[in-house]
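Asks: Before I ask anything, here is the structure I am working with.
Taken together, the values in this text are just the output of simple stated rules run on the coordinates, not laboratory data. Treat the numbers as computed from the prediction; the structure is a model and nothing was measured. Here the Cβ positions follow ideal geometry from the backbone for every residue, glycine too, while neighbour counts run over all protein chains shown.
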Amino acid sequence: MFGPDICGLTNKVHFILKQKNPKSGEYVEHHLIDPPRVPSDKLSHVYTAILKPDNEISILIDGEAKKKGNFLSAQDFDPPIIPAKTIPDPNEKKPEDWDDRVRIPDPNAVKPDDWDENAPMEIEEMEAVKPEGWLDDEPEEIDDPEATKPEDWDDEEDGVWEAPKIDNPKCQTAPGCGEWKRPMKRNPAFKGIWNPPLVDNPNYKGIWKPRDIPNPNYFELDKPYFDPIAAIGIEIWTMQEGILFDNILIAKEENVAKSYRDTTWKPKFVVEKEKQKAEEEAAGSDDLGGFQKVVFDVLYKFADIPFLSKYKLQILDFIEKGEKQPNLTIGVLVSIVVVILTAIFMLIFSGKKQPRVEKKTEVAADTSNDQGSSGEKPAEEEKENETGGAAPRQRRRDT
């Protein structure tokens, strides 16, 4: 499966390879890790997946490489196409006497004699006095005197008609109406349920985990297996209108896809871009200003920095809120700077370097889209698909 998907917090260009495990006979979906995001505008876009014989994969959006990886790398697909050599023994059970509690309640602790667990959290303010002029006999709300029973009201079908309530006008000039009650205040004697303090567990044995055993479903592979391409399935799940897509291409040469992209998608994109620019100029400041667009484009690039991957969803959430409410741009910038500084601080003082993963790339599919459709295409050859409109939510089904 290859194509864009926007739904709720999901925003990604899917690449999913479904492959049969030769040992278990089970078909497993392998998802590309950290796929690129779908452009946030309403222009036509072309999505390309290029797959090469040396197991490299590259995802392009509008002809620009956004993601590179290797089919046989455990860092690029989840679950990895080549299974782990060992797995935790599914038949091994934790011993009953294994204590993995780091800290335990102090068995020698005793609840203090003056600790009252039944004391309420709040008590009445006994020094409070009812204000003068308090109307004890007046309700806070009364029936609307101007309300009348509708002519078509049927007591048997609709029930007994009751006039709607309104605020009692007498209460507006008085300090209050209804039964007066003393205000509540925090009880200084409240301590809550007593619990003994925690101490180090002398019987602590550490976190238990089963021993590793050889994975019966492990196999080695020189390259992933792709079934012959027999058809292209297009799956769309959306509650929006205006989804357009066309120009799906499967080719064996990358330059064929590039040529087709340049002759079919690019001219249309240029016209759309000029039209959008004219509309923005006519709209004035109603939409994101040019400066703000530049800012958000830069922030999206920051979100793709590897050492910020742990905070990527948080950063993207800030950016999307800022795009919906342009007046929050400065607040979004401050929030993301705080996240980045936090990540840098943790990286420096954790004493650990982020592992560097070398990734190669190659390509084999081209899909273009006006913001959102997804085609399902085996990835053996180059594929190109152009679509238009708002990106739909895609749902996978085994069919």
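Asks: Which cross-chain or sequence-distant (5 or more) residues have an amide H under 5 Å from the amide H of Leu244, H modelled 1.01 Å from N in plane?
Replies: Asp370, Gly388, Gly389, Ala390
Asks: Under unit Cβ charges (Lys, Arg +1; Asp, Glu -1), what dipole magnitude, rounded to 20 debye, does region 188-292 have relative to its Cα centre?
Replies: On the way: 13 positive and 18 negative charges, 139 e Å.
Dipole about the Cα centre, nearest 20: 660 debye.
Asks: Measuring from a point 7 Å past the Cα of Asp99 along Cα-to-C-beta, which residues in region 179-201 have an amide N at less than 13 Å?
Replies: Hits in region 179-201 for Asp99 at 13 Å: 199-201.
Asks: Amide H to amide H, which residues 5 or more places from His14 or on other chains are under 5 Å from it, using H placed in the peptide plane?
Replies: Counting only residues 5 or more places away or on other chains, the set is Gly3, Asp5.
Asks: Tell me, what ³J(HN,Hα) does each residue in region 227-235 have, in order and in whole Hz, if you take phi through Karplus 6.51 cos²θ - 1.76 cosθ + 1.60 with θ = phi - 60° and put x for Gly and Pro?
Replies: Each residue of region 227-235 in turn: 5, x, 6, 10, 6, 10, x, 10, 10 Hz.
Asks: What are the ³J(HN,Hα) values, in whole Hz, obtained from phi via the Karplus relation 6.51 cos²θ - 1.76 cosθ + 1.60 with θ = phi - 60°, for each residue of region 129-140 in sequence order, with x given for Gly and Pro?
Replies: Listing the rounded values in order: 10, 4, x, 5, x, 5, 8, 5, 8, 9, x, 6 Hz.
Asks: Amide H of Ile87 versus every other amide H placed in the peptide plane: which residues, excluding those fewer than 5 positions away on the same chain, fall under 5 Å?
Replies: Ile213, Asn215
Asks: Given Cα positions, please report Rg to Rh for region 29-178, the hydrodynamic radius being the Kirkwood one.
Replies: On the way: Rg = 36.3 Å, Rh = 26.8 Å.
Dividing the radius of gyration by the Kirkwood radius yields 1.36.
Asks: Give a residue-ordered list of calculated ³J(HN,Hα) values for region 51-58 (Karplus: 6.51 cos²θ - 1.76 cosθ + 1.60, θ = phi - 60°; whole Hz; x for Gly, Pro).
Replies: Coupling constants for region 51-58: 10, 10, x, 8, 6, 8, 9, 9 Hz.
Asks: Sticking with this structure for a sec: What FRET efficiency, computed as 1/(1 + (r/R0)^6) with R0 = 25 Å and r the Cβ-Cβ distance, is obtained for Val338 and Asp41, rounded to the nearest 0.05?
Replies: The computed FRET efficiency comes out at 0.35.
Asks: Over 20 Å between Cα atoms: which of Lys67/Lys312; Lys23/Lys223; Lys223/Lys258 fall into that group? Please report the intermediate quantities before stating the final value.
Replies: Values: Lys67/Lys312 15 Å; Lys23/Lys223 16 Å; Lys223/Lys258 25 Å.
Violating the 20 Å Cα-Cα cut-off are Lys223/Lys258.
Asks: A follow-up question, please. Can you tell me the length gained on complete extension of the stretch Val256 to Tyr218, counting 0.36 nm per residue apart and subtracting the Cα distance? Mind showing how you got there, number by number?
Replies: On the way: separation 38, 0.36 × 38 = 13.68 nm, distance 3.78 nm.
Length difference between fully extended and current span is 9.9 nm.
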